[in-house]
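Here is the structure we will look at, set down as structure tokens.
The values are calculated or read from the model by the stated rules, or taken from the named source; none is laboratory data. The model shown is predicted, which means the values in this text are computed figures rather than measured ones. Reconstructed Cβ throughout: ideal geometry from the backbone, glycine too, with neighbour counts over all protein chains shown.
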Amino acid sequence: MKRRQFNKAIAATAALAAVPAAVPYVRAQAQKLRVGVLLPRSGVQAGIGQDCHRGVEVATKVLADMGLPSLDIMNGDTESNVDVARARAERLISEGAQLLVGAFDSGQTTAIAQVAEQRGIPLVINIAAAPPITEQGYKFVFRNFATAPMILGDAFANQLEIFSVTGNAPKTAVFMHVNDTFGVAMQKGFTGVMSKFPQIPYKVVDTIAYDPAARDLSVEVSKAKASGAEALVMVSRLNDAILITRELVKQRWNPMAVLSMGPGWYEDQYLRTLGKLSDGPMSFVPWYDPNKKLTKQLEAAHNKAFKDINLNTNHVYTFEALLVAADAFKRAGSAEPKALADAIRATNIKDNVSPGPGIQFDAKGQNSALKNSAIQNRGGKLVTVAPKEAANAKPELPMRPYNKR
């Protein structure tokens, strides 16, 4: 062998010897998916954002027990503000986030979805119900949460089941709603969806909108009471649900039913703040199936970590968003955005927590097979009363009058 051939052979051998050293490094980098979790951890929706984060904290152990890969969580605070949500999404992506999860509020989520699509980074929505989010033809946006029409449709179906089981039903109702993105979307869909359920026994005699940041709702409740309605149909948030309940007591109005189609009335802070006065309202919302195997596993982990907090929507759908991310990452075998998006699009998770057949996404990125539940406040706890196949208690109607508790 000539000197020049010998030198080439040595160089080639050195190059091959270097490859095994590089492989473990590449694999170590791919062991975790960097997930940017955007939630309103401060501002008017701080309580709910912090509650969603509990779902993030519990997810780590449950996903590991399921044999799914670890996630490197990067937290972002939207401050309950649309512009801040957009800026935080940009920042997390710039800092290396390979997938985004968020953001509870529909307005903030809409802004994040635009950023995710522009940057080509998958977004898995944990909670946000405004229909337009998945009607834009996006390729990187996926939602495992019910849209406003889905919530309304299941709400009316579950109400009919409850009215049939109890043999009681209101004949008139007032529809009150927050005037934010979610509330307006629900208001726009309410009449149209209700028309598809001619069996609904009550007539809506008035519709009242209000600001979710309002600190006094006495006028709105007084107007609702003056209508003489037997039921109060609500689309609200936590703080206003508490304010409205206090006004019902103060103004001595005892509707036979409070039928909520959104958050607020089932949250722990509502239950703890109002005590016995919190009993009775029914919430028709995306929930969890208490009879599923993974639900029991998640609930056990949750109760161990947060023994004084009830498992709820915020925890469940934030957990399932991370479940979708981890499952897709495992199947894709890569954190490359397009590979992740393709894997999410092919999701078919049967072992899940939410009601329905499981988690799959249609061509728009929506889990259209998702089902919703009816839950009722009972003694500081929450029980599922409909649909029958996902229930663990029977409904109680009418509500016990506030002045007799």
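Would you mind finding the one in Phe182, Phe163 that is under 21 Å from the mean Cα position of the chain (by Cα) and in the same structural domain as Thr245 (by TED's automatic domain parsing)?
After ruling out the rest, the residue left standing is Phe182.
Whether any residue in segment 43-62 is over 28 Å from Val353 (Cα atoms), among the aliphatic types (A, V, I, L, M) and surrounded by fewer than 24 Cβ atoms within 10 Å (Cβ to Cβ) is what I want to check.
Yes, there is a match, as at least one residue in segment 43-62 is over 28 Å from Val353 (Cα atoms), among the aliphatic types (A, V, I, L, M) and surrounded by fewer than 24 Cβ atoms within 10 Å (Cβ to Cβ).
Glu299 is checked against (1) assigned to a loop (DSSP other than H, G, I, E, B); (2) surrounded by 18 or more Cβ atoms within 10 Å (Cβ to Cβ); (3) without any contact (Cβ under 8 Å) to a residue 24 or more places away in the chain and fails just one. What number does that condition carry?
Tallying (1) assigned to a loop (DSSP other than H, G, I, E, B); (2) surrounded by 18 or more Cβ atoms within 10 Å (Cβ to Cβ); (3) without any contact (Cβ under 8 Å) to a residue 24 or more places away in the chain, Glu299 fails exactly one: (1).
Hey, could you check segment 164-221 for residues that are buried (at least 17 other Cβ atoms within 10 Å of the Cβ) and among the acidic types (Asp, Glu) and say which is modelled with the highest pLDDT?
The qualifying residue modelled with the highest pLDDT is Glu220.
Does Phe329 fit the bill of being among the aromatic types (Phe, Trp, Tyr), farther than 30 Å from Lys250 by Cα, touching a strand residue (DSSP E or B) at 6+ places or on another chain (Cβ under 8 Å) and surrounded by 16 or more Cβ atoms within 10 Å (Cβ to Cβ)? Break it down stepwise before answering.
Values: among the aromatic types (Phe, Trp, Tyr): yes; farther than 30 Å from Lys250 by Cα: yes; touching a strand residue (DSSP E or B) at 6+ places or on another chain (Cβ under 8 Å): yes; surrounded by 16 or more Cβ atoms within 10 Å (Cβ to Cβ): yes.
Considered against the rule, which asks whether it is among the aromatic types (Phe, Trp, Tyr), farther than 30 Å from Lys250 by Cα, touching a strand residue (DSSP E or B) at 6+ places or on another chain (Cβ under 8 Å) and surrounded by 16 or more Cβ atoms within 10 Å (Cβ to Cβ), Phe329 comes out as yes.
Does any residue in segment 179-192 that is over 14 Å from Ser106 (Cα atoms) come within less than 6 Å, Cβ to Cβ, of a residue that is assigned to a helix (DSSP H, G or I) and among the small types (Gly, Ala, Ser) six or more places away or on a different chain, and which pairs are these?
These pairs meet every condition: Gly189/Ala148.
Kindly evaluate Thr273 against the criterion of being under 19 Å from Gln45 (Cα atoms), modelled with pLDDT of 95 or more, of a type in the set (Ser, Thr, Tyr) and assigned by TED's automatic domain parsing to the domain that holds Asp180.
yes
Can you name every residue in segment 89-136 that is in a loop (DSSP other than H, G, I, E, B) and either closer than 24 Å to Met261 by Cβ or at pLDDT below 95 (or both)? Even if it seems obvious, please write down each step before you answer.
Just the residues of segment 89-136 that are in a loop (DSSP other than H, G, I, E, B), to begin with: 95-98, 103-105, 120-122, 126-130, 135-136.
Of everything in segment 89-136, those that are in a loop (DSSP other than H, G, I, E, B) and either closer than 24 Å to Met261 by Cβ or at pLDDT below 95 (or both) turn out to be Ala103, Phe104, Asp105, Asn126, Ile127, Ala128, Ala129, Ala130, Glu135, Gln136.
Would you say Ala226 is small (Gly, Ala, Ser), at pLDDT below 95 and more than 15 Å from Tyr402 (Cα to Cα)?
Details: small (Gly, Ala, Ser): yes; at pLDDT below 95: no; more than 15 Å from Tyr402 (Cα to Cα): yes.
When the stated conditions are applied, Ala226 does not pass them.
Looking at (1) over 21 Å from the mean Cα position of the chain (by Cα); (2) without any contact (Cβ under 8 Å) to a residue 60 or more places away in the chain, which is the one condition that is false for Leu340?
Status for Leu340: all satisfied but (2).
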